[in-house]
Amino acid sequence: MSVVEKVILVTGGSGLVGKAIAAEVAEKSLPDEKWIFVGSKDGDLCNKQSTELLFEKYKPTHVIHLAAMVGGLFHNMAHNLDFLRKNLHMNDNVLQTAHEKNVIKVVSCLSTCIFPDKTTYPIDETMIHNGPPHPSNYGYSYGKRFIDIANRGYNEQYGRLYTSVVPCNIFGPHDNFHPSASHVIPGLMRKLYDLSKDGRTEDKEFIVLGSGKPLRQFIFSRDLAKLMIWVLRHYESAEPIILSVDESQEVTISEVAVCLAKAFDFKGKIVYDSSAADGQYKKTASNAKLRKYLPDFEFTPFNEAIKTTVDWYLKNYDNARN
């Protein structure tokens, strides 16, 4: 019988990325690993004592820290202070408790939206702190940037291998489709579902907020899960690493809308509401560092990943986060 050497606690384990990691682990587990997925119902990570109790209960040797207060563009714009305070509390509690409990490795999840608003492209790992983030999400961005600063501190002061990954926009099954909390793809999916549920779409309008022109890189959650598991097992640096599709796979919001409409078999008209804010025009990220380690990694084609996500949503609508 094999001996479990790694106990891996995944915070935010009931969310989009957590569910994807759980699915990957279920298919390709290692005998020396025990994976534990926890969500907000298991403990309040904004509270230090609650965080300590969670670590005492499961005694992790490794942590993947996914838990965060997240939301779409307009929710961020209206609640920047909440995003700042809650993420600062959560991240400090997780990292400090991990240190106090002698956790060997922590992999935290950042986002490409934390990069400076005024910058050159493509962005890379060295540019996170080169200037202020976009004003639409400064609270979330500064809260997440703190993780990189803290990781550096724990590494320099205590020799800890606490690191972070920086994914581009993530989508897939188990996303949050609630109008106030969703990102662009799940938000558009929710709209299309509501338009299509009665089966007649020919005379309907699919309204997309903004001009449709901004560019984004999107990573399928199962691809990100594979890469995060690789980081946990093999990446031995406190410096962040961008986990993104290649620059050539960048798409416009308009292309996303068209692809989703096709997946939903929507036959009406797509209308762009240019009176609504676009947010950042682009935030193209370089995955050159990742490619040095994994030159042959194959990302799921965008159209295929969209179809898989839409099919899952149609099948699981009643249990999805709507």
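Count neighbours as other Cβ atoms within 10 Å of each site's Cβ, and list the GluC sites (Glu not before Pro) in the range 170-242 that are DSSP loop with at most 14 such neighbours. Could the numbers behind the result be given before it?
Details: sites: GLU202, GLU205, GLU236; in loops: GLU202, GLU236.
Listed in order of number, the matching sites are GLU202, GLU236.
R0 = 30 Å: FRET efficiency of HIS178 with TYR158, Cβ-based, nearest 0.05? List each step's numbers first, then the result.
Details: r = 39 Å, r/R0 = 1.30.
Efficiency for this residue pair is about 0.15.
Arrange the peptides 304-316, 250-262 so that the one whose residues have, on average, the most other Cβ atoms within 10 Å appears first. Walk me through the intermediate numbers first.
Values: 304-316: 16.8, 250-262: 18.5.
Highest to lowest by the protection proxy: 250-262, 304-316.
Of all beta bridges DSSP finds with both residues in the range 1-140, what is the antiparallel percent, to the nearest 5? Before the final figure, lay out each step's value.
Values: 1 of 14 bridges.
Around 5 percent antiparallel, to the nearest 5.
If I compute solvent accessible area with a 1.4 Å probe over the protein chains, what percent of it on the range 102-221 is carbon and sulfur?
Values: 2550 of 4860 Å².
Ligands and nucleic acids excluded, carbon and sulfur give 53 percent.
How large is ³J(HN,Hα), in whole Hz, for each residue of the range 273-290 in order, when computed from phi with the Karplus curve 6.51 cos²θ - 1.76 cosθ + 1.60 and θ = phi - 60°, using x for Gly and Pro?
Once θ is set to phi - 60°, the couplings for the range 273-290 become 8, 6, 6, 8, 5, 8, x, 5, 5, 8, 8, 3, 10, 8, 9, 4, 5, 4 Hz.
Which value, in debye to the nearest 20, describes the size of the charge dipole of the chain about its Cα centre when Lys and Arg Cβ atoms bear +1, Asp and Glu Cβ atoms bear -1, and nothing else is charged? Walk me through the intermediate numbers first.
Details: 38 positive and 38 negative charges, 57 e Å.
My answer is approximately 280 debye.
Expressed as a whole percentage, what fraction of the accessible surface of the range 234-322 belongs to carbon and sulfur atoms when a 1.4 Å probe is rolled over the protein heavy atoms?
Numbers: 2290 of 4840 Å².
Accessible surface attributable to carbon and sulfur in the range 234-322 totals 47 percent.
Given 25 °C and 0.890 mPa s, how large is the Stokes-Einstein diffusion coefficient of the range 1-104 in µm²/s, with Rh as the Kirkwood radius over Cα pairs? If you can, show how the numbers build up before the last one.
Values: Rh = 14.6 Å.
In µm²/s, the coefficient is 168.
Report which label in (i) 19.5, 63; (ii) 21.2, 73; (iii) 18.4, 54 holds the value of Rg and Dmax of the Cα atoms in Å derived from the coordinates of this structure.
Here Rg and Dmax of the Cα atoms in Å agrees with entry (i).
Per DSSP H run of n ≥ 4, the term is -39500 (n - 2.57); total these for the chain, divide by its residue number, and report the mean residue ellipticity at 222 nm rounded to 500 deg cm²/dmol.
Values: 10 runs with 130 residues, N = 322.
Roughly -13000 deg cm²/dmol at 222 nm, from the helical runs in the chain.
Please determine, in degrees from 0 to 90 and to the nearest 10, the orientation of helix 302-316 with respect to the longest principal axis defined by the Cα atoms of the chain, where the helix direction is its Cα long axis.
Helix 302-316 and the main axis of the chain meet at about 90 degrees.
Kindly express, to the nearest 10 degrees and within the range 0 to 90, the angle between helix 184-196's C-alpha long axis and the longest C-alpha principal axis of the chain.
40
Measure out, as a whole number of angstrom, how far apart the alpha-carbon centroids of the range 250-275 and the range 152-181 sit.
For the range 250-275 versus the range 152-181, the Cα centre distance is 28 Å.
Quick one: Cα centre-to-centre distance for the range 107-137 and the range 86-104, in angstrom?
Result: 23 Å between the Cα centres.
The values are calculated or read from the model by the stated rules, or taken from the named source; none is laboratory data. This is a predicted model, so every value here is computed, not measured. In this analysis, Cβ positions are derived from the backbone assuming ideal geometry, glycine residues included, and neighbour counts consider all displayed protein chains. To get the accessible areas, we keep the full protein, side chains included, count just its heavy atoms, and leave off ligands, DNA and RNA. Shrake-Rupley method; radii C 1.70, N 1.55, O 1.52, S 1.80 Å.
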